[in-house]
Structures are given as C-alpha cells and as structure tokens.
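Quick notes on the structure that follows.
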Number of protein chains: 2
Amino acid sequence: MVSQEFLSKLTVKNDKKIVLLIMDGLGGVQDEVSGKTELETADCPNLDALAKEGICGLSDPISPGITPGSGPAHLSLFGYDPLRYEIGRGLLDSLGIDFEFTQQDLASRGNFATLNKEGIITDRRAGRIATEKNYQICEELFSDLKIDNVKIFVKPVKEHRLSVIFRGEGLSDKISDVDPQKEGLKPLSAKALNDSAQRAADIVNKFLKMANEKLTKFFPANTILLRGFSRMVDLPSFKEIYKLNAAAIAGYPMYRGLAGLLGMDVLPVTKTIEEQFKLLEKEFENYDFFFIHIKQTDSSGEDGDMPRKVKIIEEVDRSISLLRKLSPDVVVITGDHSTPARLKSHSWHPVPLLIYSPHCRFDTVENFTETECIKGGLGRISAGEIMALALANAGKLIKYGA
Amino acid sequence: MVSQEFLSKLTVKNDKKIVLLIMDGLGGVQDEVSGKTELETADCPNLDALAKEGICGLSDPISPGITPGSGPAHLSLFGYDPLRYEIGRGLLDSLGIDFEFTQQDLASRGNFATLNKEGIITDRRAGRIATEKNYQICEELFSDLKIDNVKIFVKPVKEHRLSVIFRGEGLSDKISDVDPQKEGLKPLSAKALNDSAQRAADIVNKFLKMANEKLTKFFPANTILLRGFSRMVDLPSFKEIYKLNAAAIAGYPMYRGLAGLLGMDVLPVTKTIEEQFKLLEKEFENYDFFFIHIKQTDSSGEDGDMPRKVKIIEEVDRSISLLRKLSPDVVVITGDHSTPARLKSHSWHPVPLLIYSPHCRFDTVENFTETECIKGGLGRISAGEIMALALANAGKLIKYGA
C-alpha cells in the first residue's frame, strides 16, 4: 500500500462526485440454520444491480485476522493508517459529543461519582444519575470555565458519563488517570508522567478541586473522576490529502466527530435512513465527496439479531434508487468491518466491497454477497486502498512517473 | 501485514486448541501427461470434506515469485518475518542435529577433508567417508573439548559433514570462513571481521590446530573445514507472542530444532505418519497448539516422484480422520512452500491453504486442490498472516481499538 503522502502528490481536483456508503459491521457469516449470511438473506435488487454493473471484492480493515473497533476501521477506510494515527480513548469518546475540537485540546472522559465524608469513592457512577440531571449540572456549574488561561469544557454524555476538554497552550496528555477505577479508594491526583506534562497535571488537579467545591450540593454526584487523557491527533484533512470537499451524513456522534477531525462538513442529523439519502440529494451540488454512515447494521449484528440486520440492509437497498437518480460518478459501498449476527460482535472476516463507476473493469459478480464478492474483480484488498481506487475511478489521480 | 509486536498486544489465552498441519512442499503444478497436480490426482475424501466445511485460499511463503528454503518458509508460517530473523546457514544446518542450543552458542557447519603433506586440500569431502566413521571420529577425538573457557561440541551429520558449536561468552559470528570452498588451496585462517570478533577467531583457529593434530591418524579425514559461522537468533517464543503452549510433532531434525527455538515442546520422533497423529491424540490434552510436520511430500517432490507424492498425500488424508475425532477448535492445513514433482525442486508457486473452524465464513470450495483454492474465501494471502487468522478463529485475539 502506498503512503498517504505519496497519494496526495497524485491527487487533482475535478468536478466528479464520489459517494462512500458505509454500512457499519456489514459483513456476516452464514447462519447455522439457513446456511446464508445477512447479505445472502436480504432481498437487495438495487445493490445487486450495482454489483452487476460494477466491480466487487473483499477488504481487510487492518490485516487478515485482526478485529478492529469502528474508530481504526473508519480511519483505514478513509485511507489513514490506523496504526500510525492512534486515537486515544478519551478523545474517541469525546468525539461523540458534537464538539468542535482544536489542535490545542486535551480530552478526557469522566464520570460523576459519589464520595463519602472521608473522601472515599462509594459509587463510581453516582447512582447512574439521569441524563437530564447530568445536563443540568454541567450547565449550572461548569459554563465559561477558565483556569490559568486554559478554557475548560465540561460536556454531558449520558447518565453519569461526561467529557472534559481542556483547551490551552502546551497541555501534554502524558498524565495519569484520576479515576482509580475501584470503589473504596480515594480519587488520585493527576500526575505528570514526564517533565513537560506538569502544567497539564496542575490544571487538571485545580479543576477537580474546584469541581468538588461546586458539586457539594449535588450529592450523590459530588465529584468527577477523569481518565484516558488524550491529545488531538494531527490528522491531515481530506482537502489537504485528496483535494476533496467532503461532507458526512452520519447520525452517530463518534462518526460525526471523526468526520469533523478529517475536515469534512458534518451535515445535520436525520431521523431515518431514507432521510440520510434525501439529505444527500439536497446537498449533492455542494460537495464532491459524501460519506454516508449507516449505524444500524452494526448494532443489530451486535445484538445477534439477524432478521433486523437483514431488514436494515433491505432498507438501505431501497434508498439506493435515490442515490442512483443523482448519478454520482463513483459509488463505493462497503462496511468498516464485519459484525456477524451469529458472533454478536465485531469480527475479523473481510468485508464485502463494491465499486461502481463507468470506468470499472466489470467482473462476473451478480449479487452483492460475501460469497460472490470473493470471486470479484477487486480480489482481497486492504481497506486502506479503497480511497485510491475511488479517486482513480473519479479521474482524480494523475499518472505516477513518465 | 501487522507486526508480531502489534499482534502480541492482542493475544489472549483461552482453552481453544489449534492444529497446524504442514505438508512440506505441498503445492504442485500440473503433470504434463495427466494435466493434474499432485493434490488433484490424490484421492482425499477427508481433506475435501474439511475444505467444504472450512475456508480455502492460497498463500505466498515470502512474496510472489520468491522460492523459499524450508527455514524461512516455516518462520513465515509461524508468523515470524523471515527477512527480519535471518537464520544463518551454520545454525540452520546445526539445528538438524538434535542439539539443545543456548544464546551463547556460535554454530558452524563443516566437512572432514583431506590435506596433502604440503597442507593443500586435495579432497574437500575426505572421500565422502562413511557416516559411521564420522560418528567414530567425533566420539573418539572430540568429546569434552574446552579451549580458553569455551566448550566445543563436534557433532557428526552425515558422511563427511559435521557441525561444530562453540559455547562461551562473547563469541561473535563476524569471522571469515576457514573453508576456501576449492581444492588445490590451503585452508584459511578464521579472521575477525571486526574488533569484537577477535576472540571467536582465535578460538576457532586454536580448535582447528588441535583438530589437525588429533586427526593425523584418520587419513583421508585429516582436517576439518568450517564455514557459515552464525550466532543464535533471539526469536521471541510462541508463549511470549501468542500465549500458546505449543508442541511440535516432527520427525526431521531441522524442523525439530526450529520448533525448539520457538519454545515449542518437541515431542518424540515417530516412525510413520499415522503415528504422528496418534501422538497428537496422546498429547492432545496437554497443549493448545500443535505443529505437525510431514516431510515426505517435499522429498518425493524433490525426487520428481509424482506417484509417491500422491501416495503420501493420501496417507495423510487417511490420518485426518484421527485428527477430526479430537475435534480441535481450529485446523490449518497447508504447506511451507510448493515442491512440484514436475520441477523436482522448491518453487515460488503459492501454497494451498485450508482453515477449518466453526467461525469460518464458508466458501464454495469442495476440493482441496490448487485450482479450487484460487476460488476460496481466503483469497491469496501472505503465509505470515496465517497465525493471526488461526488465533482469530480460536477467539485468541481481542479487538483492536474502540
């Protein structure tokens, strides 16, 4: 696989449009009773037509045998080496809160928790306070915070969970967790793990002291435990690397956050899958690259709910007719990884991949299924190679060398 | 392909069992008369059944076009980059003598040879003396040798060939060969190729002087020529990297030695292929990984004896029923490289590969042959990726990232 630096030297801008449709956790394995995978069970006339007119294959998100989380799997799909750009847990979780990160930010994830009079943690989740309570506390106590020139954003997530982002110069993420991850212990102090991290540790500790003072009246949510401090990763943008003006149509915060990190315009959240495609139609003139993310294929797979996963695939299939009316120049349809309903989890199985453009070398595949994709003209490739193929099909890559 | 260091961070121990069955030199090419390969000619109901229930593909030992020796080909199968872990020729040959190496050892391979009165080599093979004579000389003259705190082991191999292992502190392998590899010349002195190798060169030269004195009465075997000085390679063990408690069922010394280097328990030598599988049955409860090595597929291929290679494949096939009775969780069947009988040598052709586990995504392959494997669900992968797939199928790899 060529590096992104190499690829970026070959990219050119033109008016061709690429649509990358990701059905999260798309790949499956055969059901024990029916002997068919989710894709083999689903009735997908539109996907099959695209498979017939386009070219198919299988892709490995990271490498054969490796089961990825959705974070690294999406980085790979977008052409970013996920082993080079490791996104810390604190940041990844914080990406879920629809927050505009900057390169100065130090993110962490946290809990509201309960301390007794001796300062010992008696409940790491503060009785799982209601999400509304969480919102109320964050707004009432933690708006417009600043300590030593560091802006602090305290953002509710769900129930007792929150994200805290520290924005300022020189905040290293090489500091230890405050959360001891056990009840019956006192919260720890953030400690600098190297010399340059002292400032960050001091700010975090000052913030927590202030929080404890403010929170006394909100028992059982009378303290904040923080962990997973992570800096922004310096990801080159889609515009820089690919010269693409990209938009994301994704409902789930993590994917919205990741798309934002890559410099995509993150379009408003819609309620249904069909509305995602209507949004595509509405915005179609405004961008030359669209990332559409369907989450439900993964969540139904994780639930082991094969019929639901099949229905969602069929729902996406119906919306494909909307997509085709727009006549995008290149359509890529795949998943970020497999989530076979039979395994109820992400898995290592390679992911069905379909590329449609007028410049494909057509193969003999007539159905968009795992077993057919094996025989497809793309063979088995690395997910990291998909962007180059999409760009090539869109005429956005010049020749290398003479 | 991910690095072994990366992979090792994802490995977990569980009670699932993996069997890796290697038929050395398994892959073939079509016979000129029959138009069939060895696997296509052989009657293999058991292998075919596994192929049908599992998933197939082709693997490249090193990279397309590269014909490997069995040493690097096995390293690759075991997930060790053979270009990173170069095992010197002296060591590789010495691995064949069932000798327990330590990290202090400097190995070399040698010949008994004949010198005339002027000290000129007249026969580099000492008239190919009988193996028994070789054993007799080594035992009579070279037991319990020590020079300057360095223990010296002189081990007969076959006919005129022997291995000499020097065991002591600080013995570099950066010394030149003693064997000029030509008759009509005098043997060379071992020369230090850098400053830190002087001690090793001195010891080798002292040993050779002593050997010449001792050997006068054994004309024509009146000197020893040494070459290929090599140190032990510091290979991380299967336990370290994969958290596997592994056993090797292999009859040939080189494979036994290599398995030992990787920290596998090397089980006793058996007489027949069937006995190798009976040994598997006997030891099945004691390990979670078994490497079974069948040598005869390679030697019959090297001899250009297609009927014999076919018979051996059929003999292995019969033993597969023993294997299946044990119900291992994951079975991997492949070769280390191809040795087509038609070519009478190792070759670069990719190797048929079969993985069987309950978590496979089944493909349409019904026969374990080269031509069917091309259409298999594994596609064409690198042999170095096989261990990750085996571990994944056994549930021994956790998810990477969130």
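Remark: pairs (first residue in the range A:138-155, surrounded by fewer than 16 Cβ atoms within 10 Å (Cβ to Cβ); second residue among the small types (G, A, S); Cβ separation under 7 Å; 6+ apart in sequence or on different chains) = A:N149/A:G168; A:K151/A:G168. Would you pick out the residues in the range B:307-350 that are out of contact with any strand residue (DSSP E or B) (no Cβ under 6 Å at 6 or more places or on another chain) and polar (S, T, N, Q)? B:S319, B:S321, B:S327, B:T339, B:S345 - these are the residues of the range B:307-350 that are out of contact with any strand residue (DSSP E or B) (no Cβ under 6 Å at 6 or more places or on another chain) and polar (S, T, N, Q). Of the strands (runs of 3 or more DSSP E) that lie entirely inside the range B:115-160, those containing 3 or more residues that are of a type in the set (A, V, I, L, M) span B:150-158.
Does the range A:258-275 include one or more residues that are over 15 Å from the mean Cα position of the chain (by Cα) and buried (at least 23 other Cβ atoms within 10 Å of the Cβ)? Scanning the range A:258-275, I find no residue that is over 15 Å from the mean Cα position of the chain (by Cα) and buried (at least 23 other Cβ atoms within 10 Å of the Cβ), so the answer is no.
Quick check on the range B:205-219. Is at least one of its residues among the β-branched types (V, I, T) and under 30 Å from the mean Cα position of the chain (by Cα)? No, because not a single residue in the range B:205-219 is among the β-branched types (V, I, T) and under 30 Å from the mean Cα position of the chain (by Cα).
Based on this model, can you work out whether B:P268 counts as assigned to a loop (DSSP other than H, G, I, E, B) and under 17 Å from B:D179 (Cβ atoms)? No, not satisfied. Taking the range A:1-107 and the helices (runs of 4 or more DSSP H) fully enclosed by it, the elements with 1 or more residues that are away from chain B (no Cβ under 14 Å) and touching a Leu at 6+ places or on another chain (Cβ under 6 Å) are at A:45-53. Please verify whether B:A221 is surrounded by 20 or more Cβ atoms within 10 Å (Cβ to Cβ) and in the same structural domain as B:G260 (by TED's automatic domain parsing), treating the condition exactly as stated. Taking the combined requirement at face value, the residue does not satisfy it.
Pairs under 6 Å by beta carbon, first residue closer than 15 Å to B:S108 by Cα in the range B:205-218, partner among the small types (G, A, S), six or more apart or different chains? Sorted first by the residue in the range B:205-218, then by its partner, the pairs are B:N205/B:S189; B:N205/B:A190.
The test for being surrounded by fewer than 24 Cβ atoms within 10 Å (Cβ to Cβ), of a type in the set (G, A, S) and out of contact with any helix residue (DSSP H, G or I) (no Cβ under 6 Å at 6 or more places or on another chain) holds for B:S345. Looking at B:L83, B:L91, just one residue is more than 17 Å from B:S347 (Cβ to Cβ) and crowded, with 19+ Cβ neighbours inside 10 Å, and that residue is B:L91. The residues of the range B:214-237 that are outside any loop (DSSP other than H, G, I, E, B), at negative phi and in contact with a helix residue (DSSP H, G or I) (Cβ under 6 Å, 6 or more places away or on another chain), listed by number, are B:K214, B:F218, B:T223, B:I224, B:F229, B:S230. Do we find a residue being closer than 29 Å to A:R256 by Cα and at pLDDT below 95 anywhere in the range A:54-69? For the range A:54-69, residues closer than 29 Å to A:R256 by Cα and at pLDDT below 95: present.
Remark: pairs (first residue in the range A:28-39, more than 19 Å from A:D60 (Cβ to Cβ); second residue part of a loop (DSSP other than H, G, I, E, B) and of a type in the set (D, E); Cβ separation under 6 Å; 6+ apart in sequence or on different chains) are absent.
Among the residues of the range B:1-37, the one identified as in contact with a strand residue (DSSP E or B) (Cβ under 7 Å, 6 or more places away or on another chain), surrounded by fewer than 21 Cβ atoms within 10 Å (Cβ to Cβ) and of a type in the set (V, I, T) is B:T11. When the test is whether a residue is more than 17 Å from the chain's Cα centre (by Cα) and surrounded by fewer than 17 Cβ atoms within 10 Å (Cβ to Cβ), B:S59 does not pass it.
Among the residues of the range A:258-267, some residue qualifies, meaning at least one is assigned by TED's automatic domain parsing to the domain that holds A:S327 and touching a His at 6+ places or on another chain (Cβ under 7 Å). The helices (runs of 4 or more DSSP H) found entirely in the range B:306-402 that carry 2 or more residues being more than 10 Å from chain A (Cβ to nearest Cβ) are B:306-325, B:370-373.
The values are calculated or read from the model by the stated rules, or taken from the named source; none is laboratory data. Just so we're clear, the structure is a prediction, and the values are computed from it rather than from any experiment. For neighbour counting, all protein chains shown are included, and Cβ atoms are generated from backbone atoms with ideal geometry for every residue, glycine included.
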